[in-house]
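Below is one structure, written out as structure tokens; comments come after it.
Only the coordinates and a few stated rules stand behind these numbers; no lab work does. Note that this is a predicted model, so its numbers are computed, not measured. FYI the Cβ positions are ideal-geometry reconstructions off the backbone, even for glycines, and counts take in every protein chain you see.
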Amino acid sequence: MPTRTERLREAIKNIADSDAAERQRQGLQDVPVGSSQNPSTKILTVANVITFCRLALTLVFLALFIRHEHRVAALTCYAVAAVTDFLDGQIARRTQTVSWLGKIMDPVMDRVLLFTGVLGLLFNGELPLWVPVFVIGRDVYLAIGGAVLQRYRKRPVDVVYIGKIATALLMFGFCDLLLGAPVVSGLGLVGASWLPGLNAEPAAVGIFFVYAGCAFSFVTACVYTKKGLEVRSLATDDAA
């Protein structure tokens, strides 16, 4: 009888990538354990500890920021958490300690960090409502799409590079908005109050990175939608 820990590890494998987990069970993986293609079942790795520290820093940031206390300290927590987003993945790959848990937690922590930055700025009235609605709504849409695709293929759709660009732009933009500097004159291209920086009102330069990140996020959603439709079409053809 498998122990509770073993069952948990198997569940984590299937959530992260069931196809790769099945190849691992069958001994078909020809790459070292701990590589991206053949993750380990370890939980307490340096990379995973950094990932969980990112969560702690994110929560501390949100608590400080929405209370209007120690804004510099709050920004420092957010900036350090954003940097560790790159650090944990690099450590895992370079030390060959990629784990199934890390494959699940890393993208989840990315979204938590992104959402807390968005919500903190929204609560302080420093970000128009449509930005968090779009950013969070896009992720909800992709999550629902991913759940639907589970009917046709267990393995999730591979991450696309343009999505990483979108996340990087949003992260940088939110960090600058949290800092609130440098402030530039509005371009005066539109009169809409919900487009700071593009209207005549001065705004932190980070807002333009946020706009670019939203544009890349939209394109990313379209790419994932196309890939999802291809997966469903292929699965339907195979079943016919």
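A few remarks follow.
- Translational diffusion of region 90-144 was estimated from the Stokes-Einstein equation, with Rh taken as the Kirkwood radius over Cα pairs; at 4 °C and 1.567 mPa s the coefficient is 100 µm²/s.
- 10 °C / 1.306 mPa s Stokes-Einstein diffusion coefficient of region 50-104, Kirkwood radius on C-alpha pairs, µm²/s: 133
- Mean projected area in nm² (Cα convex hull; one quarter of hull surface) for region 182-229: 3.7
- A cut-off under 12 angstrom between Cβ atoms defines the neighbours of Phe65, and their net charge, with Lys, Arg +1 and Asp, Glu -1, is 0.
- Remark: the Cys53-Arg151 segment gains 31.8 nm on full extension, using 0.36 nm per residue and subtracting the alpha carbon distance.
- Relative contact order for region 145-240, counting Cα pairs under 8 Å that sit 6 or more residues apart, in percent: 34
- Region 90-127-region 187-229 distance, computed between alpha-carbon centres (Å): 21
- Dividing the Cα radius of gyration of region 120-178 by its Kirkwood radius returns 1.09 for Rg/Rh.
- Prolate/oblate/rounded call for region 74-173, Cα gyration tensor, a/c under 1.5 rounded: oblate
- Distance cut-off 23 Å, percentage of C-alpha pairs in region 82-240 lying past it: 47
- Protection proxy ranking of 131-137, 190-196, by the mean of other Cβ atoms within 10 Å over each peptide's residues and highest first, is 131-137, 190-196.
- If you take all other residues with their beta carbon under 15 Å from the beta carbon of Phe172, and give Lys and Arg +1 and Asp and Glu -1, the sum is -2.
- Distance between the pseudo-spin-label points of Glu201 and Leu187 (7 Å out from Cα toward the beta carbon): 1.7 nm.
- All other residues whose Cβ lies under 11 angstrom from that of Val183 are scored, Lys and Arg at +1 and Asp and Glu at -1, for a net of -2.
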